[in-house]
Every structure is written in C-alpha cells, then in structure tokens.
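As structure tokens, the structure follows; a few thoughts come after it.
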Amino acid sequence: MGLKHKITKTDVDFAFRRTVDITPEFLKKHSIRGLILDVDNTLTTHDNPVPAEGIVNWLDCMKKNGIKLIIVSNNHAERVRKFADPLGLDFVSDGGKPLKRGYTAAMKKMGLSASETAAVGDQLFTDVWGANFAKVKMLYVEPMELEPRSKRFIRFKRVLEKPFLPKKFVDDIKE
C-alpha cells in the first residue's frame, strides 16, 4: 500500500473478493493461526441471523485445519449471540471498533499474539483501522451487499472509503 494508506491507517495486508476465498493454506503460508471475524457484510448480510451461502462450510474447514476463530462486532451481545452460538463461535460484542480493545480481548480469548492473528472485515473505518491499531494483519473482504437505506451512516462511510479501497485482490494474483 502507498503512503496515503500508511498515513490514514487504511492499509490492508491482503484483499479478497469474498470471505470464503480465504484458505487455510494461505493462512498457514502467512503464519496466521487465528482469525478475528466481523459479522455484518463479512459473514452475512446486515442484521441477518443466518450465515451467507458457503460460510458454514468455510468455518468448518478453518476449524478442521486448526485455525482459531472468534467474532468481534460492534453489535450488542443479543445480536451477536444469535449469530455466533449456532456456529459454535466465541465472540466479543460491543467491540468498540476501530478501537483496539475488542481485538485485544479476542486475542486473549484465543491465546494468540498479534503476529499470529488476522482480522477479516469489510469496512475501512472500523475493521481496517481496528486491525491496524491492534497491529494484527488485515484481510479485507468486499462487502456482500450495499447496506439498506436504514443504514445511512454506513452508506455515507462507504462513499468516504472509496479512494482508499484495495485495488489488488489475492484471487486476482495467483500466489
């Protein structure tokens, strides 16, 4: 990433089109043993209690390959619990992203250091900033959908994010 990304803390380590494009092989190659996962527009659409297509199989694959998983969300516990419990995932709700406290709590729960951890999320001003402040690797994923009209603030942030979004995706570059 360029200087503007370093200055604005919008630099990402890797970008993927979809969460399910992240593989255990990729993670192992980059010494990543645990993932801090965002929920809305990363694992499912906004306020949806059901994982998006392919996410359950992806989570199972990660678990079978020894990748530790935890959700960090700015949503309240009630929302996150309804999503996380059926998937057998631990979580940190009211995570305070972009502050690093949710990330720090997640790493402590997983028993991992920042160098062994990556965050997966779709928003620059919450997920990316939080990962950068917590000094964990950032795996940016494109949002699953445009937020509904009721999410005006997030839609506004999407406009501000545009100049800083990644241009190169791992799935475009064969490693």
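Below are the figures for this structure:
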| read-out | value |
| --- | --- |
| Per-region count, the range 16-51, residues of a type in the set (G, A, S) and either surrounded by fewer than 16 Cβ atoms within 10 Å (Cβ to Cβ) or modelled with pLDDT under 95 (or both) | 1 |
| Counted residues, the range 119-163 - those being assigned to a helix (DSSP H, G or I) and either at pLDDT 80 or above or within 15 Å of L99 (Cα to Cα) (or both) | 13 |
| Near pairs, Cβ below 8 angstrom, 6+ apart or cross-chain, from the range 66-88 (closer than 29 Å to K28 by Cβ and touching a residue at least 24 places away in the same chain (Cβ under 8 Å)) to any residue that is part of a helix (DSSP H, G or I) and among the aromatic types (F, W, Y) | I71/F83; V72/Y103 |
| Odd one out for M107, checked against (1) surrounded by 16 or more Cβ atoms within 10 Å (Cβ to Cβ); (2) assigned to a helix (DSSP H, G or I); (3) of a type outside the set (G, A, S); (4) at pLDDT below 95 | (4) |
| Qualifying positions in the range 94-108 - among the hydrophobic types (A, V, I, L, M, F, W, C) and over 14 Å from I70 (Cβ atoms) | L99 |
| Residue match in the range 134-148 (condition: touching a residue at least 60 places away in the same chain (Cβ under 8 Å), crowded, with 23+ Cβ neighbours inside 10 Å and either in contact with a Pro (Cβ under 8 Å, 6 or more places away or on another chain) or more than 23 Å from V12 (Cα to Cα) (or both)) | yes |
| Flag for G95 being crowded, with 22+ Cβ neighbours inside 10 Å, within 17 Å of the chain's Cα centre (by Cα) and in a helix (DSSP H, G or I) | no |
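The values are calculated or read from the model by the stated rules, or taken from the named source; none is laboratory data. Note that the structure is a prediction, hence the values are computed from the model and not measured. Using ideal geometry, Cβ is built from the backbone for each residue, glycine included, and neighbour counts are taken over all protein chains shown.
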